[in-house]
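Following: one structure in C-alpha cells, then a few remarks.
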Amino acid sequence: EQYSILLPEDSAIMHFYGPPVTMHPLSRDVYYTTQRPKIGSAIVRRHAEDGRVSADGFDFGASLGAISPDGRRMVYVTSKGTAVRIHVRDIASGADVGDVDVENAWNGIAWLDNRTVAIAQALDRQSLVLWDVIEQRKQIPDSISPRIVLQPSSAGDGKTLLFAIHDVFGSTTERDVYAWRNDGSQPTLLVENAQMPMMMGKDIMLYYRGDG
C-alpha cells in the first residue's frame, strides 16, 4: 500500500513515498510527498515542463495530496500528535481555503466530484466520511458504516466511488473491491479478494489481487 524510492545521496529530497502521487489534469505537473530525516514530510511539485521540483508553498508536515478533477483544488493532510486535519487549497492562488478535523485519514482520501472529498477513517460508525469543501460540511453515509473502508478512488463519473472493504470474520479477514453511489444504496461487489481499485480511462479498472 506504500512504496519508497531512494534518490542520490546529495539530493535535496531524501525520498518520496505514497500513496498517492497526484497529477494535475491540465499542466500534468506531479505532486507527491517527500520525507526528510529528523524534519518530516512535505508535499512537493515536479513541473512537467522542465522537471523542476518546488515546495510550492507546502510546509513540513503536509502529506497525501489529491487534486480535484477540474484541477482547481487540492486536499492534503496534516497531523500533530493524535490530531488529524484535512485542508483544501486553491491551486491558482496557493491559499488554503478550508479545513476539517477527522479521526484519521491514513486509509485514503479521494475526490468524488469537484466539491466532495471521501475520507476513509476505518472507525466504527464513521468508516467513510464525505466532506463538502464548499459548504464545509461532513456527511457519514449510513449505507456503509460501520464496515471498514480502505483506499477510496473516484470512478470518474462524479457520482461513484470505488474502494476496498476490509471484513473480519473471527480470525479470518477479507478484502473485496466495491462500487458505491451516494444515493443511499448499498455498495456493489465488483471483485473478491482484491483491493486498491483505480480507474484507467472510462472503461478499465486496475486493482491489486490479494489482501496483503
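The values are calculated or read from the model by the stated rules, or taken from the named source; none is laboratory data. All values reported here derive from a predicted model rather than from experimental measurement. Here Cβ is always computed from backbone atoms with ideal geometry, including for glycine, and neighbour counts include all displayed protein chains. When the accessible area is computed, the model is the full protein with side chains, heavy atoms only, and any ligands, DNA or RNA have been set aside. Shrake-Rupley method; radii C 1.70, N 1.55, O 1.52, S 1.80 Å.
What to note about this one:
- Only residues that are assigned to a strand (DSSP E or B) and surrounded by 15 or more Cβ atoms within 10 Å (Cβ to Cβ) were counted across region 41-64, and they come to 9.
- Residue in region 104-111 that is within 19 Å of Ile134 (Cβ to Cβ) and touching a Leu at 6+ places or on another chain (Cβ under 9 Å) present: yes
- Among residues of region 177-212, those that are open to solvent by less than 70 Å² (accessible area, probe 1.4 Å) and touching a strand residue (DSSP E or B) at 6+ places or on another chain (Cβ under 6 Å), counted: 11
- Restricting Asp70, Asp50, Asp56 to residues that are at positive phi and of a type in the set (Asp, Glu) narrows the list to Asp56.
- Qualifying residues in region 83-99 (those that are open to solvent by less than 20 Å² (accessible area, probe 1.4 Å) and aliphatic (A, V, I, L, M)) - the one modelled with the lowest pLDDT: Val84
- Flag if Asp50 is at pLDDT 85 or above and either among the basic types (Lys, Arg) or under 30 Å from Lys159 (Cβ atoms) (or both): no
- Scope region 140-166; condition closer than 18 Å to Glu192 by Cβ and charged (D, E, K, R); matching residues: Arg147
Yes/no per residue for (1) exposed (fewer than 13 other Cβ atoms within 10 Å of the Cβ); (2) small (Gly, Ala, Ser); (3) out of contact with any helix residue (DSSP H, G or I) (no Cβ under 8 Å at 6 or more places or on another chain):
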residue: Arg115; (1), (2), (3): no, no, yes
residue: Ala118; (1), (2), (3): no, yes, yes
residue: Gln121; (1), (2), (3): no, no, yes
residue: Gln151; (1), (2), (3): no, no, yes
residue: Leu161; (1), (2), (3): no, no, yes
residue: Thr173; (1), (2), (3): yes, no, yes
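- Of the residues in region 65-82, not one is open to solvent by less than 30 Å² (accessible area, probe 1.4 Å), more than 11 Å from the chain's Cα centre (by Cα) and over 17 Å from Val30 (Cβ atoms).
- Qualifying residues in region 1-40 (those that are of a type in the set (A, V, I, L, M) and either touching a Phe, Trp or Tyr at 6+ places or on another chain (Cβ under 6 Å) or at pLDDT below 50 (or both)) - the one most open to solvent (accessible area, probe 1.4 Å): Leu6
- Pair list, Cβ < 7 Å and 6+ apart or interchain, from region 76-104 residues that are of a type in the set (S, T, N, Q) to residues that are assigned to a strand (DSSP E or B) and open to solvent by 30 Å² or more (accessible area, probe 1.4 Å): Thr78/Arg85
- Residues in region 157-200 that are in contact with a Lys or Arg (Cβ under 9 Å, 6 or more places away or on another chain), over 20 Å from Trp106 (Cβ atoms), of a type in the set (S, T, N, Q) and at pLDDT 90 or above: 3 in all.
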